[in-house]
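Report on the following structure.
The values are calculated or read from the model by the stated rules, or taken from the named source; none is laboratory data. These numbers were taken from a predicted model, which means no experiment stands behind them. Note that each Cβ is placed from the backbone with ideal geometry, even for glycine, and that neighbours are counted across all protein chains shown. Quick note on the areas: whole protein, heavy atoms, side chains included, nothing else; ligands and nucleic acids left out. Shrake-Rupley method; radii C 1.70, N 1.55, O 1.52, S 1.80 Å.
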Amino acid sequence: QEWFGRARPIILGKEGAKSAEDRGASTLADILNANDDDSFGGENDDDFKDAWVDGVGEGLKDEDKLSAYFRFSEGEDEDTSWREDGFADISKFENNAIVVGCTETAMLEESTSNVDEGESGKVKALYDLVFEQSGVGLAAALAIPAPRGGSLDIGLMHGPDHTSRQKCTIEFWFWVPESITKEIILVRRTFGSSADDLESVCKASEKSFLWELGLKQTGELEFRTIAGNAIKTEPQPKSGDDDDGPRSAIHFSRWNHVCVIIKQESITTSSVILYSKGVRKASSGSLSFSPPGFEVDDFSGASALDPMLEKSHLVYALDHPKGFRLTELRTWAMERNEDDIRTLMTEYLECAEVKRKFKVKIKKKNGGERGGGTGLAPAKGGLLAPPGGLLAPPGEGQKASSKVLLSPPGTLKPP
């Protein structure tokens, strides 16, 4: 104990390395277990660590940060059982979307939207999901799982260990009839212990949401949070006496493109921007997304929210009217800039291109077998086979498959 009161001496060699490893593991365990008594969720991040998807929001190109992409290409194949199996996400994360409550009346039709369909056979086909019957008051919508740690768990409520998930852009095209009698919930993210009860959360009247985007009868958009915060668009003023066109953010009896950007500022606050057809219509400062009864502390942080997000879903088209159409759904783990939104909203993305596998066929030369011709290939025993042109035709009494070498050229004659 001669070192008592001074710095602990350094232990060298294997003994020192083992000692340092043990102290580090012990310290890390103490930090992770410092808040086992979680007042909100009652659990810690260890229960969810295996469910986190890697690569979300990471990469050099924008498309590397694509979290989901749906074109409803299943409509091209009449044998596809999309009513039972759902729709495939063509991003690298391969999510799945399902129709809830209206599987018999929903249809897929070739898209009438403004989006470039691409060349047939080279780009995955673009179809519209058409709701042929009204879903007002019913549990009828399109639902996509967005659980904690999944590729769609983005935009808010993440700690410093998941900074690539702290930004989100959601965009899609929809067609709405000439008038609506009730607000349409264009999209919402469900929250809470019953967030996967689709018979409940696919009803617009059910309030178990973290956030939602509504389309008012006036054609304006309103974004609302679980904490009661909201932002909404306003009618645009006339540009002149001859301006008789619609001034609302959304135009009825037409195709519309909507984009929502959510950018985290703290664990329970995010800023929001709303775009319509590539034009910014509304933006906010910090909006609160804090659930009732939740308090952030230095130990639990975002992990206290894990149990309430474990069953989360993205749900589209709640309280839709008859004839409502939806297509080209994209979700990004990034903040898209305004120019890209406007320029690319009518273009298909690169990952929509059909990847073809090419088979290389080796052409036979002079009827020779594969590997023949002028190339020298090792034969049995390690010797090189002679060029194909030096093979004599089979003689009388020989089998057609046998090969006889010709005499060497020139003056090299056998003795």
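Just a few scattered comments:
- Mean Cα-pair separation over length for the range 191-252, i.e. relative contact order, pairs under 8 Å, 6 or more apart, %: 23
- Net charge dipole size for the range 154-237 [Lys, Arg +1 and Asp, Glu -1 on Cβ; Debye, nearest 20]: 160
- Measuring r between the beta carbons of Glu178 and Ser288 and using R0 = 35 Å, the FRET efficiency lands at 0.45.
- Whole-Hz Karplus values for the range 81-91 come out as 8, 5, 5, 9, 8, x, 10, 8, 7, 8, 6 Hz, taken residue by residue from phi with 6.51 cos²θ - 1.76 cosθ + 1.60 and θ = phi - 60°; glycine and proline positions read x.
- Applying the criteria of a DSSP loop state and at most 10 other Cβ atoms within 10 Å to the trypsin sites (Lys or Arg not before Pro) of the range 268-324 yields no site.
- Calculated accessible area for the range 88-157 comes out at 38 Å² per residue, all protein chains present (probe 1.4 Å; ligands, DNA, RNA ignored).
- Among the listed pairs Lys65/Lys92; Lys203/Lys277; Lys92/Lys355; Lys182/Lys238; Lys182/Lys203, a Cα-Cα separation exceeding 19 Å is found for Lys203/Lys277; Lys182/Lys238.
- For Lys281, residues with placed amide H under 5 Å, excluding near neighbours: Leu274, Tyr275, Ser276
- Put simply, the amide H of Ala204, placed in the peptide plane, has neighbours under 5 Å in Gly137, Asp319, leaving out anything fewer than 5 places away on its chain.
- Summarising the label geometry, the points placed 7 Å from Cα in the beta-carbon direction at Glu110 and Thr80 lie 1.6 nm from one another.
- Remark: relative contact order (the range 114-204) = 31 percent; criterion is Cα-Cα distance under 8 angstrom and separation of 6 or more residues.
- Shown here for the range 117-181: GluC sites (Glu not before Pro) in loop regions (DSSP other than H, G, I, E, B) with at most 13 other Cβ atoms within 10 Å, namely Glu119, Glu132, Glu178.
- R0 of 25 Å, Cβ-Cβ distance Glu63-Gln236: FRET efficiency to nearest 0.05: 0.15
- Normalised by the number of residues in the range 252-318, the mean separation of alpha-carbon contacts (under 8 Å, six or more apart) gives a relative contact order of 22 percent.
- Tensor-based shape of the range 119-198 (alpha-carbon gyration tensor, a/c under 1.5 rounded, otherwise prolate or oblate): oblate
- Backbone geometry of the range 232-239 corresponds, through the Karplus equation with coefficients 6.51, -1.76 and 1.60 at θ = phi - 60°, to 3J(HN,Hα) couplings of 8, 7, 10, x, 7, x, 5, 8 Hz, x marking Gly and Pro.
- Among the trypsin sites (Lys or Arg not before Pro) in the range 105-170, those placed in a DSSP loop whose Cβ has at most 12 other Cβ atoms within 10 Å are Lys122.
- Computed from phi, the 3J(HN,Hα) profile of the range 323-328 under the Karplus parametrisation 6.51, -1.76, 1.60 (θ = phi - 60°) reads x, 5, 10, 9, 7, 6 Hz, with x in place of Gly and Pro.
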